[in-house]
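Derivation of every value follows stated rules applied to the coordinates shown; laboratory data play no part. Worth saying up front: this structure is predicted, and the values here are computed from it rather than measured. All Cβ positions, even for glycine, are placed from backbone atoms using ideal geometry, and neighbour counts span all protein chains on display.
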């Protein structure tokens, strides 16, 4: 796999790239972390550690939960509300 053109955007991405660099080049993990941080346009890993988020956006899921309550006026009954909350 070509890892030279990877530019991580999260701290997890930097760590994942460092692991790949360590295995492919046979270098120390700390050196691999610095190289991976440089691929992400940071000076070193500590700079990336202070700047990058640990993970991607918290709301990357495009789905949401929609709850609807309605009332049947003919039968005088509420739907969608648990019986314990009535």
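What full-extension length gain, to one decimal in nm, is calculated for residue 38 and residue 74 as 0.36 nm per residue of separation minus the Cα-Cα distance?
Details: separation 36, 0.36 × 36 = 12.96 nm, distance 6.80 nm.
That pair, residue 38 and residue 74, stretches by 6.2 nm at full extension.
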With each pseudo-label sitting 7 Å past Cα toward Cβ, what's the residue 67-residue 16 distance in nm, one decimal? 3.4
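Show me 15-23, 30-38, 43-51 ranked by packing, highest mean number of other Cβ atoms within 10 Å first.
On the way: 15-23: 17.7, 30-38: 19.8, 43-51: 14.8.
Most protected by this proxy first, the peptides run 30-38, 15-23, 43-51.
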